[in-house]
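So the structure is just underneath, and the comments pick up after that.
Just so it is clear, none of the values below were taken in a lab; they were calculated from the coordinates. All of these numbers come straight from a predicted model, not from anything done at the bench. Cβ sites come from the backbone with ideal geometry, for glycine too, and all protein chains shown count toward neighbours.
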Ligand SMILES: Cc1cc2nc3c(=O)[nH]c(=O)nc-3n(C[C@H](O)[C@H](O)[C@H](O)COP(=O)(O)O)c2cc1C
Ligand SMILES: [Mn+2]
């Protein structure tokens, strides 16, 4: 297995594209014909998805912009795996490798000069509209920056935080943001606002997929995702000081928007087509001043197709390790955790345990809820159930659950404000009902049917030429 640390390719977006071009060219589609950023880009991505194709698409000629657009990077599991230097392996091996790297974060290194600051534009020269920013779905309120990795710093601890939050383009130097109540970024922003201070936020655009994986790993508020990103890349992230705000950003990113969130002020933001497959509602959301844009001489702009594979896969694969580690506290015999596609990689969680005592399954479900605020349904099953198979989990629910005793509900708990089944979806309420389901066999569960000796039968002796 090759790893990024001994790879000849740079640990940045263009380095990864060069790697794909040389070693896996079938992953890349380049479109040189002019494409409209309004529904033209998303239209092509939608057609590809419906045809079961998930290439990296480089739009070289987006109407109204001189900057190429890199799209769909995270839509294929194979590409995410390749970004860790893994030529082979399934989801289990991938998640294991992610967990191992998350456990070995690397401190960033400070640099004085940076590719991402080859061009610096400040004040009146700032114009976000020069970027190929797209409109995706029919009822979207406008153009959205969807793959900006926002770096913020906790004013109490000084620890960096990284997350992706959508940004509506209000004006050429004014953006919106949806900092959902499920994100650490929301807590940090509120700490500044409570002090009446603007909140510095650097939006990093264009980086290696392993950097995204590290940045989006589930972790606690006191862990610095720039360190985790270094661990994931197996190279320390080079950091350079921003020009106008007191933050440090990856020197080898493509573009950085140096911003501040205005305290107190709100502006209507959205609707926007969101990850559950429904529109996130219009909310009064914070406003960001873009104080500077810095970028490489010939930058690449990167986006994400929210509500589609490109968005769902990335978030979905990264949460199971953190959930499993937390469940282990409540139930040391946890064997596996899966956050399945059926729950849009966010709302449903299957937990397999080797049950030693009655009641353990409910504790395991509670622990999973503690680990991941997006979860709404946690189903706990015995370890012989294949939790990668929805049918097997449903079979356990169908045959092993007495709804009155084996489920519990927690109404009015914090969840995703984009949940279409929240208490007030139109108002963007983050209040939802959580349900835990103990689908393990109970002590009075009847014997399961089986045929003695079937495995040892020589079938060809009875049915000539028989092949299993
Ligand atoms: C493409 C993409 C778009 C996302 N958009 C948002 C968003 O608009 N608001 C939000 O709160 N989380 C969004 N998320 C999820 C967060 O980025 C993710 O939960 C992250 O881990 C949050 O980090 P934090 O808890 O350190 O703030 C998005 C994720 C992806 C992959
Ligand atoms: Mn965080």
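Before moving on, here are some points about what is shown:
- Kirkwood-based shape ratio for region 320-438, expressed as Rg/Rh from alpha carbons: 0.96
- Normalised contact order of the chain, rounded percent, pairs of Cα under 8 Å and 6 or more residues apart: 15
- Rough spin-label spacing in nm, given labels placed 7 Å along Cα→Cβ, for residue 410 and residue 266: 2.6
- Taken as Cα centroids, region 314-358 and region 19-80 sit 33 Å apart, rounded to the nearest whole angstrom.
- The chain - share of DSSP beta bridges that are antiparallel (%, nearest 5): 75
- Once the Cα atoms are used to define both axes, helix 390-400 deviates from the longest principal axis of the chain by about 50 degrees.
- Of the peptides 302-308, 292-298, the ranking by mean beta-carbon count within 10 Å, highest at the top, reads 302-308, 292-298.
- Per-residue [θ]222 nm for the chain (sum of -39500 (n - 2.57) over DSSP H runs n ≥ 4, rounded to 500): -7000 deg cm²/dmol
- Within region 329-412, percent of DSSP bridges classed antiparallel, to nearest 5: 40
- Within region 352-468, DSSP assigns beta bridges of which about 50% are antiparallel (rounded to the nearest 5).
- Prolate/oblate/rounded label for region 80-170 (Cα gyration tensor, a/c 1.5): oblate
- Over the chain, the Kirkwood radius and the radius of gyration, each from Cα atoms, give a ratio Rg/Rh of 1.01.
- Prolate/oblate/rounded label for region 1-124 (Cα gyration tensor, a/c 1.5): oblate
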